[in-house]
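Trainee: Just passing along the structure, written as structure tokens.
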Amino acid sequence: MAGVRGKFVRTPETGRAAPDPPAQHQSGINRDGADSDYWQQLHDFPGRDALIALCRAEAVFPPDQFFKYSNMGYSLLGLIIEAASGQTYEEYVAAHITGPLSLINLGPELPQEREPELAAGHSGRLAGKDARRVLPTSDTRAMAAATGFYGTAEDVTAYLAAHAMGRAELLTDASRRLMQRKESEIRRPVKRWYGLGFILEEIGNRVVVGHSGGFPGHITQSWLDPESGLSVSVLTNCLGSPATEWATNLIRLIDLAMNPPEKATDTPEARLGTYTGRFATDWGVFDLVDLGGRLVSLTPLGNPDLSVTELTVLDDDTLMPKPEAGFGAVGEPFQFQRTAAGDIEWVRLGGGRAWPLAAYRQRVGLDPLS
């Protein structure tokens, strides 16, 4: 995964208050123009005149008939901002968005001198053994307002957090409510909504706002809970990556940690640490985790709510899972084998052993993880 501090991936700029229907993606304008092979880097992204020419094509739908995502529409909004402000789009963003938020790693069109900082994008795979190809970066030209932003996860989350209710930067709460209002319902591939520049989705008990992003070599997803200010961003540098799944499950994991059951374990926290870690078998890995005084087992894939199991300490070498129905080794204890120093050699669950990840890798001849 890319997007760590000091590394950029391409990410969409979201959350601009702007005239509708383009801001709602209900203008009916085509998505990317009659020739959108710039997405495959077969030619350059369109400049201003080419963009306007592409937008003169007959609309696909009448305005306000359907939600229809349109990069053309948002590109036109960028040109409108330039015409209304007398500034270039880049100057406007620096003066009114990234500047006030002191964000130095977020903006439209990565400057050429910063290209070495960019996390190289990679192609998707058609088959499992295909090698990923490194894809060059592209200047999005007149489409910068729709798809031409670079950023780090740190700066993207800081930008999103400024859209939390009650924040003094950028917008009034009245504008935030307009942007975060459910304007359009989308049912494919999943049920969600769109406001003005924001996707809205329900994750557990939260209604979050944010946006996904696709660019040659990069897939991203960022979410904000506007009530609490919780903001997460997953930026990846390969096509086909599950950025939306990861960002969504990260919020679920945070909620799992923040909402303990009525009665947590009475075992001292210092003692809980003697059971935790990542363990591996030939079938995969699982984690034993201390969530603020709760000891749980989790599978580090998919929705954590579907794999979490509450554990109770019986003694120094035994954990008992919460009774429940299921197909796995439900109700069977976790039994630990330790060294003389108290370190975990292995843990037995359902009759089978699992080893600490480093020990398992050594056991089967895999190189240590760096």
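Trainee: Can you name the residue in the stretch 52-64 that is part of a loop (DSSP other than H, G, I, E, B), surrounded by 12 or more Cβ atoms within 10 Å (Cβ to Cβ) and on the phi < 0 side of the Ramachandran plot and is also farthest from the chain's Cα centre (by Cα) among such residues?
Mentor: The qualifying residue farthest from the chain's Cα centre (by Cα) is ALA57.
Listed here are the residues, each with its yes/no results for (1) among the polar types (S, T, N, Q); (2) closer than 19 Å to LEU196 by Cβ.
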| position | (1), (2) |
| --- | --- |
| ILE52 | no, no |
| TYR74 | no, yes |
| GLN87 | yes, no |
| HIS96 | no, yes |
| GLU113 | no, no |
| PRO136 | no, no |
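Residues checked against (1) in the same structural domain as LEU311 (by TED's automatic domain parsing); (2) of a type outside the set (D, E, K, R); (3) in contact with a His (Cβ under 8 Å, 6 or more places away or on another chain); (4) not in a loop (DSSP other than H, G, I, E, B):
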| site | (1), (2), (3), (4) |
| --- | --- |
| GLU324 | yes, no, no, no |
| GLN335 | yes, yes, no, yes |
| GLY342 | yes, yes, no, no |
| ARG348 | yes, no, no, yes |
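Trainee: Another question, if that's okay. Give the residue that is farthest from LEU118 (Cα to Cα), with candidates limited to residues of the stretch 212-222 that are out of contact with any helix residue (DSSP H, G or I) (no Cβ under 7 Å at 6 or more places or on another chain) and buried (at least 21 other Cβ atoms within 10 Å of the Cβ).
Mentor: GLY213
Trainee: Would you check which residues across the stretch 200-245 are closer than 21 Å to THR140 by Cβ, hydroxyl-bearing (Ser, Thr, Tyr) and assigned to a strand (DSSP E or B) and list them?
Mentor: The answer is SER212, THR220, SER222, SER233, THR236.
Trainee: Of the residues that sit in the stretch 110-142 and are in a loop (DSSP other than H, G, I, E, B), out of contact with any strand residue (DSSP E or B) (no Cβ under 7 Å at 6 or more places or on another chain) and buried (at least 16 other Cβ atoms within 10 Å of the Cβ), which one is modelled with the lowest pLDDT?
Mentor: For the stretch 110-142, the residue satisfying everything is SER138.
Trainee: Just wondering, is there one or more residues in the stretch 277-293 that are under 23 Å from GLU245 (Cα atoms), assigned to a loop (DSSP other than H, G, I, E, B), under 25 Å from the mean Cα position of the chain (by Cα) and not assigned by TED's automatic domain parsing to the domain that holds SER241?
Mentor: Scanning the stretch 277-293 turns up no residue that is under 23 Å from GLU245 (Cα atoms), assigned to a loop (DSSP other than H, G, I, E, B), under 25 Å from the mean Cα position of the chain (by Cα) and not assigned by TED's automatic domain parsing to the domain that holds SER241.
Trainee: Taking into account only those residues within the stretch 246-260 that are part of a helix (DSSP H, G or I) and polar (S, T, N, Q), which is farthest from THR137 (Cα to Cα)?
Mentor: Restricting to residues being part of a helix (DSSP H, G or I) and polar (S, T, N, Q), the top hit is ASN249.
Trainee: Still on this model: Condition first: in contact with a strand residue (DSSP E or B) (Cβ under 6 Å, 6 or more places away or on another chain) and of a type outside the set (S, T, N, Q). Now tell me which residues in the stretch 227-238 satisfy that.
Mentor: VAL232, VAL234, LEU235, CYS238
Trainee: Would you mind finding the one in ASP49, ASP44 that is farther than 29 Å from GLU185 by Cα, in a helix (DSSP H, G or I) and either modelled with pLDDT under 90 or not aliphatic (A, V, I, L, M) (or both)?
Mentor: Result of the check over ASP49, ASP44: ASP49.
Trainee: Could you grab me the full set of residues in the stretch 75-127 that are among the basic types (Lys, Arg) and within 25 Å of GLU169 (Cβ to Cβ)?
Mentor: Within the stretch 75-127, ARG114 is the sole residue that qualifies.
Each row is one residue, and each column tells you yes or no for (1) of a type in the set (Phe, Trp, Tyr); (2) under 24 Å from GLN65 (Cα atoms); (3) modelled with pLDDT of 95 or more; (4) in a loop (DSSP other than H, G, I, E, B).
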| site | (1), (2), (3), (4) |
| --- | --- |
| VAL156 | no, no, yes, no |
| GLY166 | no, no, yes, yes |
| LEU170 | no, no, no, yes |
| LYS182 | no, yes, no, yes |
| GLU185 | no, yes, no, no |
| ARG188 | no, yes, no, yes |
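Trainee: So, in the stretch 173-208, exactly how many residues are out of contact with any Lys or Arg (no Cβ under 9 Å at 6 or more places or on another chain), surrounded by 15 or more Cβ atoms within 10 Å (Cβ to Cβ) and touching a residue at least 60 places away in the same chain (Cβ under 8 Å)?
Mentor: 4
Trainee: Right, here's the next one. With the structure loaded, tell me whether PHE279 is in contact with an Asp or Glu (Cβ under 7 Å, 6 or more places away or on another chain) and in contact (Cβ under 8 Å) with a residue 24 or more places away in the chain or whether it fails that test.
Mentor: When the stated conditions are applied, PHE279 does not pass them.
Trainee: Identify, please: which residue in the stretch 350-365 is in a strand (DSSP E or B) and in contact with a Ser or Thr (Cβ under 9 Å, 6 or more places away or on another chain) and is, among those, surrounded by the most Cβ atoms within 10 Å (Cβ to Cβ)?
Mentor: Per the criteria, the residue is ALA354.
The values are calculated or read from the model by the stated rules, or taken from the named source; none is laboratory data. All values derive from a computational prediction rather than experimental measurement. Note: ideal-geometry Cβ built from the backbone for every residue, glycine included; neighbour counts use all protein chains shown.
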